[in-house]
Structures are given as structure tokens and as C-alpha cells.
Amino acid sequence: MNAPDQQDRFVWTPGAGDIERANVTRLMRAQGIDTLRELTDRSVADINWFWEAVVRDLDIEFSTPYERVVDLSRGPEWATWFGGGRTNVARQCVDRWDERAPDAVAVVWEGEDGDVREASFSELREMTDALARTLRELGVSRGDTVALFLPMAIETVAALMACSKIGATWVPIFSGFGPDAMATRIADARCEIVITANATLRKGAVVPMKPVADRAAQIAGGVRHQVVWMRVPGEPTQMTEGRDVAWPDPDPDAAKLDAEPLDSEHPLFIGYTSGTTGRPKGAVHVHGGFLVKIAEEVAYQVDLHRGERLHWATDLGWIMGPWEIVGSLALGATVVLTEGSPLHPRSDRLMQQVARHRINVLGVSPTLVRAMRTSAHSRLGDHDRSSLRVLASTGEPWDPGSYRWLHEEVGEGRRSIVNLSGGTEVGACFLSPHPIVPTKIASLGGPALGMDVDIIDTHGDPVQPGAVGELVCRQPWPSMTRGIWGDSERYLDTYWRRFPGMWTHGDWASRDDDGYWFLHGRSDDTLNVAGKRIGPAEIESAIAMHPAVAESAAVGLADAIKGESIACVVVLRVGAQAGPALVQELRASVREHLGSAFTPRLVVFAEALPKTRSAKIVRRAVRAALTGENPGDLSSLEDPGVVEAIRRSTLSE
């Protein structure tokens, strides 16, 4: 593993201890398998065998044993999993750990004001049961939908587990949404109950949430009740008599409420993601499939063990929120949640949390790392990171400089980076390294276990190593969305009909001669300059090499001669000055690294880029800001005003 040529090729190589302690090593030995490649190949060659092995290895409970692992009788588009079985996410994640290890810590929470609370599995069950009883008193029954508009907190975990326990389907909504975006999701999912907080703290300010929920309920119509957690005591909060009820106090003397045994295909939650046109898409996830797949990923990809602690800097409204909560608790581990910005009140807050809460697995986005890189590097050494074993990331392609900074500065050159990629509709990851193989800068390793992914050309044929093509999946997986809520035709059009029999994900991908996979941005964002295709991430990486640049977005503009020419919207680091000289330097950087054909025609400086709650840059919004076209649905943007700000920016050529 330590030959000089491999040292040059790989940024991190596992030691004997890393391999020995890994959960995936245990699985391999139990199955008589010697290498990860052999396990990966067999996991897609025999999906029935693999997912059965996962259920046994991770001790996932089915109160009624399933009769078959997967049913493909309606085609791969409508596969069902663990047929005939009954289970419940709340039983796996809360009730059984209350029975086995009631005093073990289930959730750690840190408020932005420094307040820290912990909940044992016993305490989490009391909170969950109290809220479940309240929901039943409000008329919520199996199959009803409940909107969750909450900051990350222990109460948030109790809310989604209470819904799960009684068979209600929860609808997580980004805590930073305005009323219109929230109302769209409430109306589409037909939610009659909303669970919210009166307010939350972010960047030193009190951010009201109840007024947003009130207005959203008014716009959407049909909301019968709101359950309100008083996160900020003393904050004026208008409660509507007959509709709004206070968050219930847990009662340690009350009889315990058992989780309902639900069919494996019973809907667990509806996760919304925006499309390029039309209303947001509601991905439907179910108890059995989501539980098994997410527990598998958290166990084998980021290698979380029972009793360890995982924190992902995220929101419940992004798939990584449910991912970290369900995945950690299903394994009997601790999930660490924090309120507010990871960069406030100090830019090294995230590293403070690692030291204070003894975090073992830390998940970040490349955007967050770029922000940390510009402001926190001088303070990283002040914080004890001895507990930290694994770094993880998702959300967008990496630029090599930021990836290396995370590895060398945060990871001190000795921790793996599990760079994974999937999506809300995937409910999981298509690609991911595993902690027993070397990693390469910005690579996603290879196919995740059980994921039959491939890279194809426009004719549907596999591409050769080094070539860029469409990322597809040839077989279904347990956490795959069960359609788009209320619109099966849109589901089929979006994912299955372009290449029949294959899920088309909308990402450009490639793999190198060593079998390592890389992403190159969304396929609908790909630039085609005089017949030469290039992903925006490659342009953005070249721009990011300039020390003045914090981040950028590259898009294509219509060009009468070339078909498309390239425009870049650039956000500068603090203290950097925009101007004609810098424009020429950025163009020269792209020309030097990618060739003169890809020199940007246009460079625009802006204060920020339009991003979703998952920190993904929405390039169609960037393009629309530059061209004046309709940007489509912007409800998933963290700050829709950024689009208009770019439109007003001075354009430099």
C-alpha cells in the first residue's frame, strides 16, 4: 500500500488499524469475502443476497419477517422491498435502544447561544411518546402527513420519530424557507398538521419561525393544527386559539407507547427537491427501504459504531438531515445537532464542537470548507481533534485546493475523506469511498455497495475510462423514491424514460484507469463550446486557483459562432478587489489550465451565488440572472434575492 507510485496517486491510505476496526471488514469476513472489489461486485450481482446480509449484520428489526427481499414484478421503476415484512423506524431508532441501553446518549444539541443539552434514549422515548400522544389527540392517524418546520434540535428528532411511531408521514421543510415556499410544500403534501418552533437563533439574531408557519398555513389552506415548541422563551408568539397547541412535556410516569408495526412500504417521509421547471418534486421514502439503506451507509461508508458520535452540518430540509438522524440512531450511536451557522459566533465554531462533543464522524459541504478555508485556518490548531476519525462530504463537486485543505488542515493528513454523492430522490448515495481503501483528491471512490451504477454515452453504451458520460443506475435499491408524490408520470419522465430500464441521475461522471470515479457537475449544466463539452466544475476549479476567489459559478451563454460561450459569476475573498485587471487574470487562469477555447467571455463579480439549502449552486438561476430569462422554481434557494443582485451587478468583459 505504501509504494512510491501509490503515494503519488493517493492522498490517503488506510492503516492496518483502520481496516481491522471497520464495519465493512466485519461484513466481508462474515461472508467469506477478501476484498472490497469482490464485495461490491457481488452486492450488485446478487442484490437479494446482499441486502439480506445487511439486515442480519446490522441487526435491523422486522416485527414480522419479510417474505422476499425485492419484488420487481412491476419493473425496476416500481420495485418494492422487504415484502410481507413489518417494521417501524421509531422502533429501530428509539424504542429498542431504550430497552437495551436507556442511559446511553441518543442526541446532543448545541444552541447558537452556547446552550448544550443531551437526551438519553430513555429521555428521547419519553419526548417522542408525549408528542405522539398529542398528535393522536389532534386526530392524526396512520397515513396522514405532518409538516416539520423546525431548526435542528432534540425536539426535531422527537417530532420525526413521533410521526413515524404512529404511522404518520412527515414532511421536512427547510428551516430558512419563507411562507410561499413552505406553503407550496404543505399544499402539495396535503398536510393538516404543522410542527414548528416559535423562533430560532442564527448569526446572533432571533429568527421568527411561527409567523412564517402562520402565513404559510393561511396561503396553503387546510391546516387544522400547529404544535409549537417555544425554542426562544420570551419571544412574542401569537397562538391561535383552537388551532395552535403547545409542545407537550414528557411524562416519565406515563405508560410507554409502542411503535406501530407498519408494512415495509408504508410511507415514512416526503422529501422535496426542486426541478428546473414546475413545482418542487416530492420524493416518497418508506420505512423498510430507507431504514435499511441508510443504516448500511452510515455503518459501512462513514464507519460509525455504536456509542460513537456523528455530526453533519445540515438542516432537516436536506436529505442529509434525515440521513444523519436515522442512520446514527439505527446503529445505537449518538447524533450531534447544532443550531445556527457553523461559522458563528466564531469562524472556528465547527472545530470547537468537534473538541467539545468528542465527535467521531464529521460531515461538511465543499461550500462550508471554502468558507472555513478563508477565515479559520489560523485557529484550527487550537482545538483537540483526537476524537475525529472520519471526514465526510457531499452536496457538490470539489475543487482540488479545498479538498486538500480539508485533508491536510482539518484532517491533519491522517483521516479519510468519504466524499459521497446521491440525492433526495436517491435517498442515499450512488458513489462513495469506503474507509478500507486509498482515496484520491476530489474522487468519490467508486460505486456504493448495492448500487449498480454505470457511465454511458448518449446512445446508452458504457464509456471508456477517462471519458465523461451520464451517471445511471441499472438496478433499483431499497431507499429509491417510490415515485414523485402525486405525479407518477413526472417521476417516469424525470428518471426512467430517457434510457429505458436505467435511472438517469442528471450528473456527468467519469472514472480513471484505477477505477476511481469523479463527478463533473449536472448534465443539464454542461457547457458545449464549439463542439467541445466541459463541465462547469472544471471551469470553476481553474477560477478557484486564483487567491482572490472564494467560489464561482460557470454557465453557458448563447453564442452565434461557437454555440455557447462561457460566463463566470465570481465571489471574491474578503479584502480582494474586483476590477479589469482581475478579470484578465481569471481568464488567463482558465486559459492556462483548460485551453484557450474555454476562456470565459464574461466575468461578473457578485456578493453571493444562488444556492439550495444543501449548498448546491443553482446554475440555471445564475444563467437567468445574466440573460434576463425566467429562472423557474427558486423556492429551494436559501436566498432568492441573490439572483436579482447578480442581475444588477456590473458586467465586466
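The values are calculated or read from the model by the stated rules, or taken from the named source; none is laboratory data. Computed from a prediction, not measured in an experiment: that's the story for all the values here. Positions of Cβ are generated from backbone atoms using ideal geometry, with glycine treated the same way; all protein chains shown enter the neighbour counts. Just the protein is used for accessible areas: all its heavy atoms, side chains included, with ligands, DNA and RNA removed. Shrake-Rupley method; radii C 1.70, N 1.55, O 1.52, S 1.80 Å.
Remind me, relative contact order of region 563-608 in percent, using alpha carbon pairs under 8 angstrom and six or more residues apart?
In percent, rounded to a whole number, it is 61.
Taking a cut-off of 32 Å, what percent of all Cα-Cα pairs in the chain are separated by more than that? Mind dumping the intermediate values first?
Numbers: 101790 of 212878 pairs.
The answer is 48 percent, as a whole percent.
If you roll a 1.4 angstrom probe over the protein chains with everything in place, what fraction of the accessible area of the chain belongs to carbon and sulfur, to the nearest %?
Here it works out to 48 percent.
Would you mind checking K293/K616; K562/K616; K165/K293; K210/K611; K203/K611 for any pair whose Cα atoms are more than 21 angstrom apart?
Over 21 Å apart, Cα to Cα: K293/K616; K562/K616; K210/K611.
If S596, S541 are ordered by their accessible area, calculated over protein heavy atoms with a 1.4 Å probe, which sequence runs from highest to lowest?
S596, S541
How much of the DSSP beta bridge set in the chain is antiparallel, as a percent to the nearest 5?
That works out to approximately 60 percent antiparallel.
Please report, in whole Å³, the volume per residue of the convex hull around the C-alpha atoms of region 187-266.
177
Within region 138-209, list the trypsin sites (Lys or Arg not before Pro) lying in a DSSP loop whose Cβ has at most 12 other Cβ atoms in a 10 Å radius.
R142, K203
Give a quick list of GluC sites (Glu not before Pro) in region 33-106 that DSSP marks as loop, anything other than H, G, I, E or B, with at most 11 other Cβ atoms within 10 Å.
E67
Once you charge only the Cβ atoms, +1 for Lys and Arg and -1 for Asp and Glu, what is the size of the charge dipole of the chain about its Cα centre, to the nearest 20 debye?
Computed charge dipole of the chain: roughly 900 debye.
On average over all directions, what projected area in square nanometres does region 78-132 have, based on the convex hull of its Cα atoms?
6.2
Probe of 1.4 angstrom, ligands and nucleic acids ignored: what's the accessible area per residue over the chain, in square angstrom?
Numbers: 23570 Å² over 653 residues.
Solvent-accessible surface per residue comes out at 36 Å².
What is the distance, in nm, between label points placed 7 Å from the Cα along the Cα-to-Cβ direction at S141 and at D249?
3.2
Once you charge only the Cβ atoms, +1 for Lys and Arg and -1 for Asp and Glu, what is the size of the charge dipole of region 129-241 about its Cα centre, to the nearest 20 debye? Show your work: numbers first, answer last.
Details: 12 positive and 10 negative charges, 38 e Å.
In total the dipole reaches around 180 debye.
Considering Cα pairs under 8 angstrom that are at least six residues apart, work out the relative contact order of region 478-601 and quote it in whole percent.
On the way: 172 pairs, mean separation 19.9, N = 124.
Relative contact order, region 478-601: 16 percent.
What is the local net charge at A158, summed over the other residues whose Cβ is closer than 11 Å to its Cβ (Lys, Arg +1; Asp, Glu -1)? Present the calculation step by step, with values, prior to reporting the outcome.
Numbers: positive: R125, K165; negative: E123, E126, D129, E155.
Surrounding charge for A158 is -2.
Can you say what percent of the DSSP beta bridges in region 91-192, counting only those with both residues inside, are antiparallel? Round to 5.
55
What order, most packed first, do the peptides 29-36, 149-156 have when packing is the mean number of other Cβ atoms within 10 Å of each residue?
Numbers: 29-36: 13.0, 149-156: 25.0.
Highest-to-lowest ranking by the protection proxy: 149-156, 29-36.
Given the -39500 (n - 2.57) contribution per DSSP H run of 4+ residues, what per-residue ellipticity at 222 nm results for the chain, rounded to the nearest 500 deg cm²/dmol?
For the chain, the value works out to -9000 deg cm²/dmol.
Can you give me the solvent accessible area of Y516 with a 1.4 Å probe, rounded to the nearest 10 Å²?
Y516 has an accessible surface of roughly 30 Å² with all protein chains in place.
How large is the convex hull of the Cα atoms of region 395-516 per residue, expressed in Å³ as a whole number?
About 112 Å³ per residue, rounded to a whole number.
So what is the relative contact order for the chain, in percent, with contacts set as C-alpha pairs under 8 Å and at least six apart?
12
Of G401, I436, P447, which is farthest along the charge dipole of region 375-457 in the positive direction, counting Lys and Arg as +1 and Asp and Glu as -1 at C-beta?
The residue sitting most towards the positive pole is I436.
List the GluC sites (Glu not before Pro) within region 164-273 that fall in a DSSP loop (any state other than H, G, I, E or B) and whose Cβ has at most 12 other Cβ atoms within 10 Å.
Hits after loop and neighbour filter: E241.
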